[in-house]
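The values are calculated or read from the model by the stated rules, or taken from the named source; none is laboratory data. Everything quoted here is computed from the prediction, not taken from an experiment. Please note: Cβ atoms are built from the backbone with ideal geometry, for glycine as well, and neighbour counts cover all protein chains shown. Just the protein is used for accessible areas: all its heavy atoms, side chains included, with ligands, DNA and RNA removed. Shrake-Rupley method; radii C 1.70, N 1.55, O 1.52, S 1.80 Å.
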Amino acid sequence: QVQLVESGGGLVQPGGSLRLSCTSSTTIFSIYTMGWYRQAPGKQRELVAAITSVDSTVYADSVKGRFTVSRDNARNAVYLQMNSLKPEDTAVYYCKASSFTQNYWGRGTQVTVSS
């Protein structure tokens, strides 16, 4: 069982920045594709960004140019740098670890963008 713990959420003004972190308990972290998802009230959970084991990345159109996903395999961690935040970025952000056979989710961290 892989445990994922997100941190770094909070309240930020429009135009501000936050950096989310997700740390993993697994010792084979490097094999997983790591994803950041978000879910706003009344909406479905959606992919924000993901990074594979060979550092290929993918982003939702709504965050391209503003968010950056990265990973540090030595620290079993994945990060989401969020810049130029907008009110519509408000959501609970979840970390997900995926392999060919298994998926694991964290419990999420709240991000609120408001003046």
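General remarks:
- In the range 38-62, residue nearest to Pro87 (Cα to Cα) [restricted to those that are open to solvent by less than 30 Å² (accessible area, probe 1.4 Å) and of a type in the set (Val, Ile, Thr)]: Val48
- Residues (over 24 Å from Asn83 (Cβ atoms) and either of a type in the set (A, V, I, L, M) or surrounded by 16 or more Cβ atoms within 10 Å (Cβ to Cβ) (or both)) located in the range 1-14: Val2
- Residue count for the range 73-106, restricted to those that are part of a loop (DSSP other than H, G, I, E, B) and farther than 23 Å from Ser30 by Cβ: 5
- Scan the range 63-109 for residues that are loosely packed, with under 13 Cβ neighbours inside 10 Å and small (Gly, Ala, Ser) and the total you get is 2.
- Odd one out for Gly35 among (1) farther than 14 Å from Asn103 by Cβ; (2) crowded, with 21+ Cβ neighbours inside 10 Å: (1)
- Here Cys22 fulfils each of the conditions (1) in contact with a strand residue (DSSP E or B) (Cβ under 6 Å, 6 or more places away or on another chain); (2) open to solvent by 60 Å² or more (accessible area, probe 1.4 Å); (3) under 15 Å from Ser7 (Cβ atoms) apart from (2).
- Subset tally (residues that are of a type outside the set (A, V, I, L, M, F, W, C) and at pLDDT below 95) for the range 1-22: 2
- Test result for Ser17, under 16 Å from Ser99 (Cα atoms), open to solvent by 20 Å² or more (accessible area, probe 1.4 Å) and more than 12 Å from the chain's Cα centre (by Cα): no
- Within the range 12-60, strands (runs of 3 or more DSSP E) holding 1 or more residues that are within 15 Å of Gln110 (Cα to Cα) and of a type in the set (A, V, I, L, M, F, W, C): 18-24, 33-39, 46-51
- Odd one out for Ile28, checked against (1) touching a residue at least 60 places away in the same chain (Cβ under 8 Å); (2) β-branched (Val, Ile, Thr); (3) open to solvent by 20 Å² or more (accessible area, probe 1.4 Å): (1)
- Just one of (1) touching a Phe, Trp or Tyr at 6+ places or on another chain (Cβ under 7 Å); (2) on the phi > 0 side of the Ramachandran plot; (3) among the acidic types (Asp, Glu) fails for Glu46. It is (2).
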